[in-house]
Amino acid sequence: MLNPFDIIIFGGGGDLALRKLLPAMYRAYQEGNLPQGSRILPTVRDHAKCAEYIDVAHAALKEFLAKGEFNAKDWKAFSAFLVPVVTNVTEADDDWDKLKAILDEHEEDKSRVFYLSLPPAVYGSCCEILSNKNLITKTSRVVVEKPIGYCGNSAEEINAKIAEFFSEDQIFRIDHYLGKETVQNLMALRFSNSIFENMWDAKSIDNIQISLSETVGLETRAGFYDKAGALRDMVQNHLLQLLCLVAMESPNKLNASSIRTEKLKVLESLRPLTDEDVDNNIVRGQYVPGDLDGKIVPGYLEELNEGASKTETFVAIRAHIDNWRWAGVPFYLRTGKRMKKRCAEIIVEYKKVSHNVYNDNVGDIEPNRLVIRLQPQESIQLTLMSKRLDNLEMQLEPVTMNIELSQAYSNGFHSDAYKRLMLDAAADNPSLFIHRDEVRQAWQWIDPIIERWQQKSAPSLYRAGSWGPDDADELLAENNHVWFNTGDKA
(Lines give C-alpha, C1' and ligand atoms only; values in the text may rest on other atoms or scores of the structure.)
Protein backbone atom coordinates (compact mmCIF):
# COMPACT_ATOMS: atom_id res chain seq x y z
CA MET A 1 0.00 0.00 0.00
CA LEU A 2 1.26 3.45 -0.91
CA ASN A 3 2.11 5.96 1.78
CA PRO A 4 0.19 9.26 1.62
CA PHE A 5 1.58 11.71 -0.94
CA ASP A 6 0.93 15.15 -2.38
CA ILE A 7 0.68 15.50 -6.16
CA ILE A 8 0.88 19.05 -7.47
CA ILE A 9 -0.47 19.32 -11.03
CA PHE A 10 0.91 22.45 -12.66
CA GLY A 11 -1.51 23.32 -15.44
CA GLY A 12 -4.35 21.81 -13.43
CA GLY A 13 -6.98 23.64 -15.48
CA GLY A 14 -5.62 22.42 -18.82
CA ASP A 15 -6.99 19.79 -21.16
CA LEU A 16 -4.60 17.03 -20.07
CA ALA A 17 -5.36 17.49 -16.38
CA LEU A 18 -9.14 17.58 -16.82
CA ARG A 19 -9.36 14.88 -19.49
CA LYS A 20 -6.76 12.40 -18.19
CA LEU A 21 -5.10 13.17 -14.86
CA LEU A 22 -8.15 13.83 -12.67
CA PRO A 23 -10.05 10.80 -14.03
CA ALA A 24 -6.94 8.72 -13.36
CA MET A 25 -6.81 9.83 -9.73
CA TYR A 26 -10.56 9.33 -9.34
CA ARG A 27 -10.15 5.72 -10.52
CA ALA A 28 -7.25 5.28 -8.11
CA TYR A 29 -9.54 6.41 -5.30
CA GLN A 30 -12.32 4.04 -6.36
CA GLU A 31 -9.91 1.12 -6.37
CA GLY A 32 -8.53 1.94 -2.94
CA ASN A 33 -5.15 3.13 -4.26
CA LEU A 34 -5.36 6.75 -3.12
CA PRO A 35 -4.19 6.68 0.51
CA GLN A 36 -5.98 8.77 3.10
CA GLY A 37 -3.92 11.83 3.85
CA SER A 38 -2.94 12.27 0.21
CA ARG A 39 -3.76 15.51 -1.58
CA ILE A 40 -4.15 16.53 -5.21
CA LEU A 41 -3.21 20.17 -5.73
CA PRO A 42 -4.16 21.41 -9.22
CA THR A 43 -2.70 24.83 -9.98
CA VAL A 44 -4.50 27.58 -11.91
CA ARG A 45 -3.41 31.07 -12.92
CA ASP A 46 -5.93 33.27 -11.08
CA HIS A 47 -8.13 33.29 -8.01
CA ALA A 48 -11.41 33.27 -9.94
CA LYS A 49 -10.48 29.97 -11.62
CA CYS A 50 -9.37 28.63 -8.24
CA ALA A 51 -12.76 29.42 -6.69
CA GLU A 52 -14.64 27.56 -9.42
CA TYR A 53 -12.21 24.66 -9.81
CA ILE A 54 -14.18 22.07 -7.84
CA ASP A 55 -17.20 22.66 -10.10
CA VAL A 56 -14.97 22.44 -13.19
CA ALA A 57 -13.46 19.17 -11.95
CA HIS A 58 -16.93 17.79 -11.24
CA ALA A 59 -18.06 18.55 -14.79
CA ALA A 60 -14.85 17.11 -16.27
CA LEU A 61 -15.20 13.80 -14.46
CA LYS A 62 -18.81 13.44 -15.54
CA GLU A 63 -17.75 14.08 -19.13
CA PHE A 64 -14.54 12.08 -19.41
CA LEU A 65 -15.11 9.04 -17.20
CA ALA A 66 -16.56 5.95 -18.82
CA LYS A 67 -20.25 5.23 -18.51
CA GLY A 68 -21.12 4.06 -15.01
CA GLU A 69 -17.85 5.16 -13.38
CA PHE A 70 -19.06 8.44 -11.91
CA ASN A 71 -21.29 8.45 -8.86
CA ALA A 72 -22.16 11.16 -6.37
CA LYS A 73 -20.92 9.28 -3.30
CA ASP A 74 -17.43 8.66 -4.69
CA TRP A 75 -17.26 12.19 -6.05
CA LYS A 76 -18.00 13.67 -2.64
CA ALA A 77 -15.24 11.62 -1.05
CA PHE A 78 -12.78 12.22 -3.90
CA SER A 79 -13.38 15.98 -3.97
CA ALA A 80 -12.03 16.14 -0.43
CA PHE A 81 -8.61 15.23 -1.83
CA LEU A 82 -8.64 18.23 -4.19
CA VAL A 83 -6.88 21.39 -3.00
CA PRO A 84 -6.77 23.88 -5.90
CA VAL A 85 -4.11 26.57 -5.63
CA VAL A 86 -3.01 29.63 -7.60
CA THR A 87 0.50 29.81 -9.10
CA ASN A 88 2.21 31.53 -11.99
CA VAL A 89 4.83 29.10 -13.29
CA THR A 90 6.96 31.87 -14.80
CA GLU A 91 6.93 34.35 -11.90
CA ALA A 92 7.97 33.74 -8.30
CA ASP A 93 5.21 35.77 -6.63
CA ASP A 94 3.52 35.49 -3.22
CA ASP A 95 1.20 32.73 -4.41
CA TRP A 96 4.16 30.34 -4.33
CA ASP A 97 4.61 31.10 -0.64
CA LYS A 98 0.99 30.08 -0.08
CA LEU A 99 1.64 26.81 -1.94
CA LYS A 100 4.67 26.20 0.26
CA ALA A 101 2.61 26.83 3.39
CA ILE A 102 0.03 24.25 2.27
CA LEU A 103 2.70 21.64 1.51
CA ASP A 104 4.56 22.32 4.75
CA GLU A 105 1.43 21.52 6.76
CA HIS A 106 2.44 17.86 6.49
CA GLU A 107 5.62 16.10 7.57
CA GLU A 108 8.77 16.70 5.53
CA ASP A 109 9.24 13.08 4.43
CA LYS A 110 5.83 12.95 2.74
CA SER A 111 6.38 12.44 -0.99
CA ARG A 112 5.78 15.39 -3.28
CA VAL A 113 5.11 14.73 -6.95
CA PHE A 114 5.35 17.85 -9.11
CA TYR A 115 3.51 17.02 -12.35
CA LEU A 116 4.40 19.56 -15.06
CA SER A 117 1.39 19.51 -17.36
CA LEU A 118 2.95 22.50 -19.11
CA PRO A 119 4.75 23.41 -22.34
CA PRO A 120 8.33 22.08 -22.19
CA ALA A 121 9.65 25.62 -22.70
CA VAL A 122 8.67 26.51 -19.12
CA TYR A 123 9.88 23.32 -17.41
CA GLY A 124 13.14 25.00 -16.47
CA SER A 125 11.63 28.16 -15.02
CA CYS A 126 9.08 26.18 -13.01
CA CYS A 127 11.78 23.92 -11.54
CA GLU A 128 13.92 26.94 -10.72
CA ILE A 129 11.09 28.57 -8.77
CA LEU A 130 10.44 25.29 -6.94
CA SER A 131 14.07 25.31 -5.89
CA ASN A 132 14.21 28.99 -4.96
CA LYS A 133 11.07 28.64 -2.85
CA ASN A 134 12.54 25.60 -1.04
CA LEU A 135 9.72 23.36 -2.20
CA ILE A 136 11.97 20.47 -3.32
CA THR A 137 12.53 17.94 -0.56
CA LYS A 138 14.54 14.71 -0.57
CA THR A 139 11.33 12.77 -1.32
CA SER A 140 10.21 15.04 -4.17
CA ARG A 141 9.83 13.92 -7.77
CA VAL A 142 9.09 15.85 -10.94
CA VAL A 143 7.04 14.37 -13.80
CA VAL A 144 7.51 15.91 -17.25
CA GLU A 145 5.41 15.33 -20.36
CA LYS A 146 6.67 14.64 -23.87
CA PRO A 147 7.88 15.76 -26.29
CA ILE A 148 10.97 17.15 -24.63
CA GLY A 149 12.34 19.65 -27.13
CA TYR A 150 12.15 19.94 -30.91
CA CYS A 151 15.60 18.46 -31.60
CA GLY A 152 18.49 16.88 -29.75
CA ASN A 153 20.03 20.21 -28.74
CA SER A 154 16.80 21.71 -27.38
CA ALA A 155 16.01 18.47 -25.51
CA GLU A 156 19.46 18.52 -23.97
CA GLU A 157 19.01 22.13 -22.86
CA ILE A 158 15.66 21.36 -21.21
CA ASN A 159 16.98 18.24 -19.50
CA ALA A 160 20.08 20.08 -18.33
CA LYS A 161 17.96 22.86 -16.81
CA ILE A 162 15.74 20.40 -14.94
CA ALA A 163 18.87 18.55 -13.75
CA GLU A 164 20.10 21.72 -12.04
CA PHE A 165 17.34 21.26 -9.45
CA PHE A 166 16.42 17.55 -9.53
CA SER A 167 18.71 14.53 -9.64
CA GLU A 168 18.15 12.02 -12.44
CA ASP A 169 16.47 9.55 -10.09
CA GLN A 170 13.96 12.28 -9.18
CA ILE A 171 13.02 13.02 -12.81
CA PHE A 172 10.16 10.96 -14.27
CA ARG A 173 9.76 11.49 -18.03
CA ILE A 174 6.34 10.13 -18.86
CA ASP A 175 5.15 8.31 -21.97
CA HIS A 176 1.60 7.18 -21.28
CA TYR A 177 1.77 4.32 -23.79
CA LEU A 178 4.23 2.58 -21.46
CA GLY A 179 1.60 2.59 -18.72
CA LYS A 180 -0.96 0.64 -20.74
CA GLU A 181 -1.71 -2.75 -19.26
CA THR A 182 -1.28 -4.45 -22.62
CA VAL A 183 2.26 -3.10 -22.88
CA GLN A 184 2.97 -4.71 -19.52
CA ASN A 185 1.46 -7.88 -20.92
CA LEU A 186 3.92 -7.69 -23.80
CA MET A 187 6.75 -8.19 -21.31
CA ALA A 188 4.77 -10.89 -19.51
CA LEU A 189 4.21 -12.74 -22.79
CA ARG A 190 7.88 -12.60 -23.69
CA PHE A 191 9.58 -13.20 -20.39
CA SER A 192 7.24 -15.68 -18.68
CA ASN A 193 6.25 -17.87 -21.66
CA SER A 194 9.00 -19.91 -23.31
CA ILE A 195 6.76 -20.55 -26.33
CA PHE A 196 7.15 -16.89 -27.28
CA GLU A 197 10.62 -16.07 -26.03
CA ASN A 198 12.08 -19.02 -27.92
CA MET A 199 10.52 -17.70 -31.13
CA TRP A 200 11.31 -14.03 -30.64
CA ASP A 201 14.13 -13.46 -33.11
CA ALA A 202 15.11 -13.34 -36.77
CA LYS A 203 15.01 -17.12 -37.11
CA SER A 204 11.22 -17.15 -36.52
CA ILE A 205 9.88 -13.65 -37.19
CA ASP A 206 9.46 -12.23 -40.69
CA ASN A 207 8.54 -8.63 -39.82
CA ILE A 208 7.11 -6.50 -37.02
CA GLN A 209 4.68 -3.62 -37.42
CA ILE A 210 3.87 -0.98 -34.82
CA SER A 211 0.98 1.32 -35.75
CA LEU A 212 -0.50 4.26 -33.87
CA SER A 213 -3.35 5.72 -35.90
CA GLU A 214 -5.75 8.50 -34.95
CA THR A 215 -9.02 9.60 -36.53
CA VAL A 216 -8.84 13.10 -35.01
CA GLY A 217 -7.28 16.12 -36.68
CA LEU A 218 -5.63 19.08 -35.00
CA GLU A 219 -8.35 19.76 -32.39
CA THR A 220 -6.87 22.39 -30.01
CA ARG A 221 -3.20 21.64 -30.81
CA ALA A 222 -2.77 23.50 -34.12
CA GLY A 223 -0.05 25.88 -32.94
CA PHE A 224 2.01 23.15 -31.30
CA TYR A 225 1.44 20.50 -33.93
CA ASP A 226 2.49 22.57 -36.94
CA LYS A 227 5.86 23.16 -35.29
CA ALA A 228 6.26 19.54 -34.20
CA GLY A 229 4.64 17.21 -36.74
CA ALA A 230 4.09 13.47 -36.43
CA LEU A 231 7.80 12.59 -36.31
CA ARG A 232 8.50 14.63 -33.20
CA ASP A 233 5.06 14.18 -31.62
CA MET A 234 4.69 10.42 -32.01
CA VAL A 235 7.75 8.67 -33.45
CA GLN A 236 10.49 10.15 -31.28
CA ASN A 237 8.78 8.96 -28.11
CA HIS A 238 5.77 6.63 -28.39
CA LEU A 239 6.83 4.53 -31.37
CA LEU A 240 10.49 4.27 -30.42
CA GLN A 241 9.61 3.35 -26.84
CA LEU A 242 7.27 0.59 -28.02
CA LEU A 243 9.97 -0.58 -30.43
CA CYS A 244 12.40 -0.83 -27.51
CA LEU A 245 10.03 -2.99 -25.46
CA VAL A 246 9.37 -5.30 -28.40
CA ALA A 247 13.01 -5.69 -29.39
CA MET A 248 14.98 -5.50 -26.16
CA GLU A 249 16.83 -8.43 -24.61
CA SER A 250 15.52 -9.92 -21.39
CA PRO A 251 16.65 -7.76 -18.46
CA ASN A 252 18.25 -9.69 -15.63
CA LYS A 253 15.58 -8.19 -13.36
CA LEU A 254 12.43 -6.17 -14.02
CA ASN A 255 13.72 -3.06 -12.30
CA ALA A 256 14.19 0.41 -13.71
CA SER A 257 17.95 0.20 -14.20
CA SER A 258 17.91 -3.16 -15.99
CA ILE A 259 14.97 -2.27 -18.25
CA ARG A 260 16.48 1.07 -19.22
CA THR A 261 19.82 -0.57 -20.00
CA GLU A 262 18.20 -2.98 -22.45
CA LYS A 263 16.04 -0.29 -24.06
CA LEU A 264 19.09 1.89 -24.58
CA LYS A 265 20.89 -0.99 -26.34
CA VAL A 266 18.04 -1.16 -28.85
CA LEU A 267 18.21 2.57 -29.59
CA GLU A 268 21.98 2.32 -30.02
CA SER A 269 21.50 -0.61 -32.45
CA LEU A 270 19.01 1.20 -34.70
CA ARG A 271 20.50 1.51 -38.16
CA PRO A 272 21.03 5.24 -38.83
CA LEU A 273 18.96 6.82 -41.60
CA THR A 274 20.64 9.73 -43.33
CA ASP A 275 20.49 11.43 -46.73
CA GLU A 276 19.17 9.01 -49.39
CA ASP A 277 18.45 6.36 -46.75
CA VAL A 278 15.73 8.68 -45.42
CA ASP A 279 14.17 8.94 -48.88
CA ASN A 280 14.27 5.17 -49.40
CA ASN A 281 12.97 4.08 -46.00
CA ILE A 282 10.57 6.77 -44.80
CA VAL A 283 7.27 8.09 -46.15
CA ARG A 284 5.74 11.28 -44.82
CA GLY A 285 2.25 12.47 -45.63
CA GLN A 286 -0.30 15.20 -44.99
CA TYR A 287 -4.06 14.68 -45.07
CA VAL A 288 -6.44 16.49 -47.41
CA PRO A 289 -10.25 16.56 -47.13
CA GLY A 290 -11.89 13.15 -47.20
CA ASP A 291 -14.72 10.90 -46.04
CA LEU A 292 -14.30 9.72 -42.44
CA ASP A 293 -17.13 7.52 -41.12
CA GLY A 294 -19.54 8.96 -43.67
CA LYS A 295 -18.68 12.58 -42.92
CA ILE A 296 -16.54 14.88 -45.06
CA VAL A 297 -13.79 16.33 -42.86
CA PRO A 298 -11.42 19.18 -43.75
CA GLY A 299 -7.80 18.77 -44.71
CA TYR A 300 -4.80 19.76 -42.62
CA LEU A 301 -4.33 23.15 -44.26
CA GLU A 302 -8.02 23.99 -43.80
CA GLU A 303 -7.84 23.10 -40.10
CA LEU A 304 -4.59 25.00 -39.73
CA ASN A 305 -6.07 27.98 -41.58
CA GLU A 306 -2.72 28.65 -43.23
CA GLY A 307 -1.84 28.97 -46.89
CA ALA A 308 0.89 26.36 -46.89
CA SER A 309 2.68 23.99 -44.55
CA LYS A 310 5.10 21.11 -45.06
CA THR A 311 4.38 19.63 -41.64
CA GLU A 312 3.79 15.89 -41.80
CA THR A 313 0.66 14.36 -40.26
CA PHE A 314 1.69 10.82 -41.26
CA VAL A 315 4.96 8.91 -41.05
CA ALA A 316 5.83 5.37 -42.12
CA ILE A 317 9.32 4.03 -41.47
CA ARG A 318 11.18 0.86 -42.38
CA ALA A 319 13.75 0.45 -39.63
CA HIS A 320 16.35 -2.20 -38.87
CA ILE A 321 18.05 -3.18 -35.63
CA ASP A 322 21.58 -4.29 -36.30
CA ASN A 323 22.21 -6.97 -33.72
CA TRP A 324 22.25 -10.77 -33.56
CA ARG A 325 18.62 -11.15 -32.56
CA TRP A 326 17.05 -8.96 -35.23
CA ALA A 327 19.45 -8.98 -38.18
CA GLY A 328 17.42 -8.81 -41.40
CA VAL A 329 14.00 -8.29 -39.76
CA PRO A 330 12.28 -5.07 -40.91
CA PHE A 331 10.43 -3.08 -38.26
CA TYR A 332 7.65 -1.00 -39.79
CA LEU A 333 6.59 2.03 -37.74
CA ARG A 334 3.50 3.99 -38.74
CA THR A 335 1.51 6.84 -37.27
CA GLY A 336 -0.98 9.30 -38.70
CA LYS A 337 -3.88 11.64 -38.08
CA ARG A 338 -7.29 11.41 -39.79
CA MET A 339 -6.74 7.73 -40.47
CA LYS A 340 -9.49 5.25 -41.23
CA LYS A 341 -9.56 3.74 -37.73
CA ARG A 342 -8.25 4.70 -34.31
CA CYS A 343 -5.94 1.99 -33.10
CA ALA A 344 -2.62 1.30 -31.46
CA GLU A 345 -1.21 -2.14 -32.04
CA ILE A 346 1.91 -4.24 -32.35
CA ILE A 347 1.85 -6.97 -35.01
CA VAL A 348 4.41 -9.76 -34.94
CA GLU A 349 4.25 -11.71 -38.20
CA TYR A 350 6.03 -15.03 -38.20
CA LYS A 351 7.73 -16.65 -41.15
CA LYS A 352 5.84 -19.01 -43.41
CA VAL A 353 6.29 -22.75 -42.91
CA SER A 354 9.51 -23.89 -44.55
CA HIS A 355 7.85 -26.80 -46.37
CA ASN A 356 4.15 -27.10 -47.27
CA VAL A 357 3.02 -30.72 -46.98
CA TYR A 358 -0.50 -29.95 -48.27
CA ASN A 359 -1.80 -29.77 -51.81
CA ASP A 360 -2.60 -26.36 -53.28
CA ASN A 361 -6.36 -27.00 -53.10
CA VAL A 362 -6.45 -26.94 -49.28
CA GLY A 363 -6.26 -23.14 -49.29
CA ASP A 364 -3.56 -20.57 -48.71
CA ILE A 365 -1.38 -21.13 -45.68
CA GLU A 366 -0.98 -17.77 -44.00
CA PRO A 367 1.83 -17.00 -41.57
CA ASN A 368 1.07 -16.99 -37.84
CA ARG A 369 0.45 -13.56 -36.43
CA LEU A 370 0.49 -12.15 -32.90
CA VAL A 371 -1.48 -8.91 -32.49
CA ILE A 372 -1.11 -6.91 -29.28
CA ARG A 373 -3.75 -4.19 -29.35
CA LEU A 374 -3.33 -1.22 -27.00
CA GLN A 375 -6.42 0.77 -28.02
CA PRO A 376 -9.29 1.29 -28.36
CA GLN A 377 -9.90 -2.12 -26.70
CA GLU A 378 -6.94 -3.84 -25.11
CA SER A 379 -6.56 -7.37 -26.43
CA ILE A 380 -4.10 -10.06 -27.48
CA GLN A 381 -4.77 -12.14 -30.58
CA LEU A 382 -2.90 -15.12 -32.01
CA THR A 383 -3.76 -16.30 -35.53
CA LEU A 384 -3.11 -19.95 -36.37
CA MET A 385 -3.90 -22.22 -39.31
CA SER A 386 -6.56 -24.84 -38.63
CA LYS A 387 -8.69 -27.37 -40.49
CA ARG A 388 -12.25 -26.30 -41.21
CA LEU A 389 -14.59 -28.36 -39.05
CA ASP A 390 -17.58 -27.99 -41.35
CA ASN A 391 -15.95 -29.81 -44.25
CA LEU A 392 -14.97 -33.49 -44.58
CA GLU A 393 -12.29 -32.53 -47.09
CA MET A 394 -9.00 -31.12 -45.87
CA GLN A 395 -9.56 -27.37 -46.04
CA LEU A 396 -7.38 -24.98 -44.05
CA GLU A 397 -8.22 -21.51 -42.79
CA PRO A 398 -6.77 -19.04 -40.31
CA VAL A 399 -8.45 -18.93 -36.90
CA THR A 400 -7.83 -16.33 -34.23
CA MET A 401 -7.46 -16.93 -30.51
CA ASN A 402 -8.65 -13.71 -28.92
CA ILE A 403 -8.15 -12.51 -25.34
CA GLU A 404 -10.25 -9.42 -24.68
CA LEU A 405 -8.59 -8.05 -21.57
CA SER A 406 -11.43 -5.67 -20.75
CA GLN A 407 -13.79 -8.66 -20.53
CA ALA A 408 -11.33 -11.01 -18.87
CA TYR A 409 -11.12 -8.75 -15.83
CA SER A 410 -14.59 -7.53 -14.93
CA ASN A 411 -13.99 -6.83 -11.22
CA GLY A 412 -14.35 -3.06 -11.54
CA PHE A 413 -10.69 -2.48 -12.40
CA HIS A 414 -10.23 0.15 -15.12
CA SER A 415 -7.11 0.04 -17.23
CA ASP A 416 -5.71 3.57 -17.16
CA ALA A 417 -2.14 4.33 -18.20
CA TYR A 418 -1.99 7.69 -16.42
CA LYS A 419 -3.30 6.15 -13.21
CA ARG A 420 -0.56 3.54 -13.19
CA LEU A 421 2.18 6.03 -14.01
CA MET A 422 1.08 8.68 -11.52
CA LEU A 423 0.92 6.08 -8.75
CA ASP A 424 4.32 4.73 -9.81
CA ALA A 425 5.77 8.23 -9.54
CA ALA A 426 4.26 8.58 -6.07
CA ALA A 427 5.76 5.21 -5.11
CA ASP A 428 9.18 6.23 -6.51
CA ASN A 429 9.08 3.44 -9.11
CA PRO A 430 10.74 4.68 -12.34
CA SER A 431 10.56 1.37 -14.27
CA LEU A 432 8.07 2.68 -16.85
CA PHE A 433 9.62 6.11 -17.28
CA ILE A 434 12.28 7.34 -19.68
CA HIS A 435 15.90 8.03 -18.78
CA ARG A 436 17.75 11.06 -20.06
CA ASP A 437 20.10 8.80 -22.05
CA GLU A 438 17.12 7.34 -23.93
CA VAL A 439 15.91 10.82 -24.88
CA ARG A 440 19.38 11.73 -26.11
CA GLN A 441 19.78 8.54 -28.16
CA ALA A 442 16.31 8.80 -29.70
CA TRP A 443 16.99 12.34 -30.88
CA GLN A 444 20.32 11.26 -32.36
CA TRP A 445 18.36 8.91 -34.62
CA ILE A 446 15.57 11.40 -35.39
CA ASP A 447 17.62 14.56 -36.04
CA PRO A 448 19.15 13.44 -39.40
CA ILE A 449 15.64 12.63 -40.66
CA ILE A 450 14.45 16.14 -39.82
CA GLU A 451 17.52 17.64 -41.50
CA ARG A 452 16.87 15.67 -44.68
CA TRP A 453 13.21 16.70 -44.78
CA GLN A 454 14.19 20.34 -44.52
CA GLN A 455 15.97 19.94 -47.84
CA LYS A 456 13.14 18.07 -49.59
CA SER A 457 9.78 18.95 -51.10
CA ALA A 458 6.37 18.79 -49.40
CA PRO A 459 4.98 15.50 -48.01
CA SER A 460 2.77 13.17 -50.03
CA LEU A 461 -0.97 13.76 -49.74
CA TYR A 462 -3.56 11.29 -48.51
CA ARG A 463 -7.30 11.42 -48.09
CA ALA A 464 -8.70 11.77 -44.58
CA GLY A 465 -10.39 8.47 -43.76
CA SER A 466 -7.75 6.39 -45.57
CA TRP A 467 -4.75 4.43 -44.27
CA GLY A 468 -2.28 7.03 -45.51
CA PRO A 469 -0.39 7.73 -48.75
CA ASP A 470 0.02 5.02 -51.38
CA ASP A 471 3.78 5.43 -50.92
CA ALA A 472 3.45 3.76 -47.52
CA ASP A 473 1.98 0.61 -49.12
CA GLU A 474 4.73 0.62 -51.71
CA LEU A 475 7.34 0.83 -48.94
CA LEU A 476 6.20 -2.56 -47.62
CA ALA A 477 5.60 -4.02 -51.07
CA GLU A 478 9.33 -3.70 -51.76
CA ASN A 479 9.78 -6.53 -49.23
CA ASN A 480 6.59 -8.39 -50.26
CA HIS A 481 4.85 -7.24 -47.10
CA VAL A 482 1.51 -5.50 -46.50
CA TRP A 483 0.23 -3.40 -43.64
CA PHE A 484 -2.07 -5.08 -41.14
CA ASN A 485 -5.03 -2.71 -40.98
CA THR A 486 -7.55 -3.14 -38.17
CA GLY A 487 -11.00 -3.92 -39.49
CA ASP A 488 -9.83 -4.70 -43.02
CA LYS A 489 -9.11 -8.34 -42.28
CA ALA A 490 -9.12 -10.78 -39.41
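The amide H of SER466, built 1.01 Å from its N in the peptide plane, has LYS340 as neighbours under 5 Å, considering only residues 5 or more places off or on other chains.
Would you please give the FRET efficiency between LEU396 and VAL482, computed as 1/(1 + (r/R0)^6) with r the Cβ-Cβ distance and R0 = 25 Å, to the nearest 0.05? With a Förster radius of 25 Å, E is 0.80. A cut-off under 13 angstrom between Cβ atoms defines the neighbours of PRO330, and their net charge, with Lys, Arg +1 and Asp, Glu -1, is 0. Between the amide H of ILE8 and those of LEU41, VAL113, PHE114, TYR115, distances stay under 5 Å, these residues lying 5 or more places away or on another chain, with hydrogens modeled in the peptide plane.
Please say if the stretch 417-490 is rounded, prolate or oblate, where rounded means a/c under 1.5 for a ≥ b ≥ c the square roots of the C-alpha gyration tensor eigenvalues, and otherwise the choice is prolate for a/b larger than b/c and oblate otherwise? Cα axes put the stretch 417-490 in the oblate bin. Beta bridges from DSSP with both residues in the chain: antiparallel share about 55 percent, rounded to the nearest 5.
At 222 nm, what value in deg cm²/dmol follows for the chain if DSSP H runs of at least 4 each add -39500 (n - 2.57) and the sum is divided by all its residues, to the nearest 500? One gets -9500 deg cm²/dmol as the mean residue ellipticity at 222 nm. Put simply, the amide H of GLN375, placed in the peptide plane, has neighbours under 5 Å in ALA344, leaving out anything fewer than 5 places away on its chain. Note down the net charge around LEU423, summing +1 for each Lys or Arg and -1 for each Asp or Glu among other residues with Cβ under 15 Å from its Cβ. Result for the neighbourhood of LEU423: +2. Just the protein heavy atoms count here, and of the accessible area of the stretch 221-310 at 1.4 Å, carbon and sulfur take up 47 percent.
Taking square-rooted eigenvalues a ≥ b ≥ c of the alpha carbon gyration tensor, is the stretch 221-370 rounded, prolate or oblate, where a/c under 1.5 means rounded and, failing that, a/b exceeding b/c means prolate? The shape class here is oblate.
Partner aspartates and glutamates whose Cα lies under 18 Å from the Cα of LYS100, excluding those fewer than 8 positions away in the same chain, are identified as ASP6, ASP46, GLU91, GLU108, ASP109, GLU128.
Model label points for ASP322 and ASP471, set 7 angstrom from Cα along the Cα-to-Cβ axis, are 2.5 nm apart. When the residues HIS355, HIS238 are ordered by accessible surface, computed with a 1.4 Å probe over the protein chains alone, the sequence from largest down reads HIS355, HIS238. Among 122-132, 186-196, the peptide with the highest mean count of other Cβ atoms within 10 Å heads the list, and the full ranking is 122-132, 186-196. Taking a ≥ b ≥ c as the square roots of the eigenvalues of the Cα gyration tensor, an a/c ratio of 1.5 or more together with a/b larger than b/c marks the chain as prolate. Report the net charge of residues surrounding PHE10, where surrounding means a beta-carbon distance below 11 angstrom and charges are Lys +1, Arg +1, Asp -1, Glu -1. It works out to a net charge of 0. Assuming charge only on the beta carbon of Lys and Arg (+1) and of Asp and Glu (-1), the dipole of the chain about its Cα centre is about 700 debye to the nearest 20. For LYS98, a cut-off of 23 angstrom between C-alpha atoms picks up these lysines, skipping any fewer than 8 places away in its own chain: LYS49, LYS110, LYS133, LYS138. Going Cα to Cα from LYS387, which lysines come in below 29 Å? Please leave out same-chain ones fewer than 8 positions away. Within the straight-line cut-off, LYS387 pairs with LYS203, LYS351, LYS352, LYS489. In sequence order, the stretch 134-146 has phi-based couplings of 6, 8, 8, 9, 5, 10, 8, 10, 10, 10, 10, 8, 7 Hz under the Karplus curve 6.51 cos²θ - 1.76 cosθ + 1.60, θ = phi - 60°, and Gly or Pro positions carry x.
The values are calculated or read from the model by the stated rules, or taken from the named source; none is laboratory data. Because the structure is a prediction, the values reported are computed rather than measured. In this analysis, Cβ positions are derived from the backbone assuming ideal geometry, glycine residues included, and neighbour counts consider all displayed protein chains. Ligands, DNA and RNA are excluded from the accessible area calculation, which covers all protein heavy atoms including side chains. Shrake-Rupley method; radii C 1.70, N 1.55, O 1.52, S 1.80 Å.
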